[in-house]
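Q: If you scroll down you'll find the structure; I have some questions about it.
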Amino acid sequence: MLTLESSNMKIGIVCYPTYGGSGVVATELGKALAKEGHQVHFITYSQPSRLDFFNANLFYHEVSVKSYPLFDYPPYELALSSKMVDVVEHEGLDLLHVHYAIPHASAAYMAREILKAKGIHIPFITTLHGTDITLVGKDATYEPVVTFSINESDGVTAVSEDLKKDTLAHFDIKREIEVIPNFIDMDRFKKQKKEHFKKAICPNDEKLIIHTSNFRKVKRVRDVLDIFKNVNETVPSKLLMVGDGPERYEMEEVCREYRICDDVRFLGKLEAVEEVLSVADLFLLTSEKESFGLAALEAMACEVPVISTNAGGLPELNLNGVSGFTCDVGDIKTMTEKAMHILDDRNLSTFKSNALKRALDFEVSNILPVYESLYNRTLQKTKSKASSLI
Ligand code: GMT
């Protein structure tokens, strides 16, 4: 059903539209594909937060879930499958790409089978992002459905080698998983001249440390405060906490307990996070699990070195001793020492330029062709399978 110019495709993208790495990657991918001339249809329950501009190749279809007194739990997955069927039929899509396995992969499987019964053969690709495998997916509540829908996908990608390894270790996977890392748009994420911000936050030229996350337990946000408290005892510094989530309130309490409130600011969710990253000296990511670490990549693109844990895929991004340091989860002492090392004026500029250099490896222009190649190969396979049925 290739209807656009020979190499251009009509692609349906399904993701979580809210704040969160998987939704951000899905939306940025859709935007980059649209710029290349592909037609991209987002199918989500609300407008993805980064889908905030007009492009003739971008479309948004809202999934609405009808409730009924009988439903204690309105069946979102069914509404999503029905919407996928509708959009594929009416927009003539070539391929579906779902981000985050639960429940998007099983909803896509259902849509594909419904369409098959109507004589429409459309493949779906599933991208595994992290917690869909490492936390939620592993749980017996979802495991059989996740295993089945990964095996039934026409293409599967994982955002790091570590996530691929984890998936193969915990699920009975009978198909190839391709690793395609997160990527970054360096036109947006780059160091900008925002010295007035720096002056406002650090009036006495203090060092600026930053953490961004969704403040979930898995991020171990308290470790960020512990490291900062230690660093702040010797290095005049400020800490910006960007984002929001379940742990935020408790972390504000911890700041009071540590008597560091004057040096820590909680900024909540920020649209233009690159503006504050532009004036930061160090980024902290203390996660217990992290399949890739998009937040760290965004910091590195703005020339901010990273101290992260060595969990999950983080060492594949943050090169130990080069773009920053990777340390054992919860090792506050080492993370403090490494932070002081980076913040030392004799080392800081080298780490900053190394961080930028490493981020360039993940420029969107390097990663987009890898997705396009996977789409083309998957479409060819589906086409030949369909024609063998005739
Ligand atoms: O917990 C988050 O960080 C959000 C989560 C998501 O799925 O929205 O992010 C995951 O996917 C991102 C994009 O692929 C990765 O960069 C994050 O590392 C990953 N988070 C975890 O594995 C905890």
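Q: Checking residue 153 against (1) within 16 Å of the ligand (Cβ to nearest atom); (2) in contact with a Ser or Thr (Cβ under 6 Å, 6 or more places away or on another chain): exactly one of these is not met. Which one?
A: (1)
Q: Another question about this same structure. Can you say whether residue 45 is without any contact (Cβ under 8 Å) to a residue 60 or more places away in the chain, open to solvent by 50 Å² or more (accessible area, probe 1.4 Å), touching a helix residue (DSSP H, G or I) at 6+ places or on another chain (Cβ under 9 Å) and within 16 Å of the ligand (Cβ to nearest atom), as far as the supplied structure shows?
A: yes
Q: What residue, among those in segment 218-245 that are under 22 Å from residue 272 (Cα atoms) and within 14 Å of the ligand (Cβ to nearest atom), is most open to solvent (accessible area, probe 1.4 Å)?
A: Among them, the one singled out is 244.
Q: Hey, another quick one. Does residue 359 satisfy the condition of being among the small types (Gly, Ala, Ser), open to solvent by less than 20 Å² (accessible area, probe 1.4 Å), within 16 Å of residue 184 (Cα to Cα) and at pLDDT 95 or above?
A: Judged against the criteria, residue 359 is a match.
Q: Shifting gears a bit: Please count how many residues of segment 299-315 are open to solvent by 20 Å² or more (accessible area, probe 1.4 Å) and within 11 Å of the ligand (Cβ to nearest atom). Please lay out each step first, then the result.
A: First, pick out the residues of segment 299-315 that are open to solvent by 20 Å² or more (accessible area, probe 1.4 Å): 303, 310, 312, 315.
When the remaining residues are screened for being within 11 Å of the ligand (Cβ to nearest atom), the result is 312.
The qualifying residues number 1.
Q: Specify the residue that is nearest to residue 332 (Cα to Cα); the eligible residues are those in segment 225-272 that are assigned to a helix (DSSP H, G or I) and polar (S, T, N, Q).
A: So in segment 225-272, the residues assigned to a helix (DSSP H, G or I) come out as 225-234, 248-258, 261-263.
Next cut, polar (S, T, N, Q) only: 230, 232, 234.
Values: 230: 9, 232: 14, 234: 16 Å.
Among those residues, the one meeting the criterion is 230.
Q: Here are 340, 335: which of them is assigned to a helix (DSSP H, G or I), open to solvent by less than 60 Å² (accessible area, probe 1.4 Å) and at pLDDT 95 or above?
A: The conditions single out 335.
Q: A further question follows. Give the number of residues within segment 316-330 that are open to solvent by 10 Å² or more (accessible area, probe 1.4 Å) and hydroxyl-bearing (Ser, Thr, Tyr).
A: The total comes to 1.
Results for (1) at pLDDT 95 or above; (2) assigned to a loop (DSSP other than H, G, I, E, B); (3) within 14 Å of the ligand (Cβ to nearest atom), shown as yes or no for each residue.
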position: 148; (1), (2), (3): yes, no, no
position: 193; (1), (2), (3): no, yes, no
position: 198; (1), (2), (3): no, no, no
position: 205; (1), (2), (3): yes, yes, no
position: 211; (1), (2), (3): yes, no, yes
position: 215; (1), (2), (3): yes, yes, yes
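Q: If you don't mind, there's one more thing I want to ask. Looking for something among the aliphatic types (A, V, I, L, M), part of a helix (DSSP H, G or I) and closer than 22 Å to residue 136 by Cα - is there at least one such residue anywhere in segment 82-100? Steps first, answer last, please.
A: Taking segment 82-100 as the starting set, the residues that turn out to be among the aliphatic types (A, V, I, L, M) are 84-85, 87-88, 93, 95-96, 98.
From what is left, the residues that are part of a helix (DSSP H, G or I) are 84-85, 87-88.
With closer than 22 Å to residue 136 by Cα added as a condition, the list becomes none.
Looking for residues that are among the aliphatic types (A, V, I, L, M), part of a helix (DSSP H, G or I) and closer than 22 Å to residue 136 by Cα, one finds none in segment 82-100, hence no.
Q: Please specify each residue of segment 322-334 satisfying the condition of being touching a residue at least 24 places away in the same chain (Cβ under 8 Å) and closer than 11 Å to residue 306 by Cβ.
A: 322, 323, 324
Q: Hey, another quick one. Of the conditions (1) open to solvent by 10 Å² or more (accessible area, probe 1.4 Å); (2) away from the ligand (no atom under 16 Å from the Cβ); (3) assigned to a helix (DSSP H, G or I), residue 141 fails just one. Which one is it?
A: Of everything listed in (1) open to solvent by 10 Å² or more (accessible area, probe 1.4 Å); (2) away from the ligand (no atom under 16 Å from the Cβ); (3) assigned to a helix (DSSP H, G or I), residue 141 misses just condition (3).
The values are calculated or read from the model by the stated rules, or taken from the named source; none is laboratory data. Model, not experiment: these values are computed from the prediction. Cβ atoms come from the backbone with ideal geometry, glycine included; neighbour counts cover every protein chain shown. Areas reflect the complete protein model, heavy atoms only, side chains present, ligands, DNA and RNA absent. Shrake-Rupley method; radii C 1.70, N 1.55, O 1.52, S 1.80 Å.
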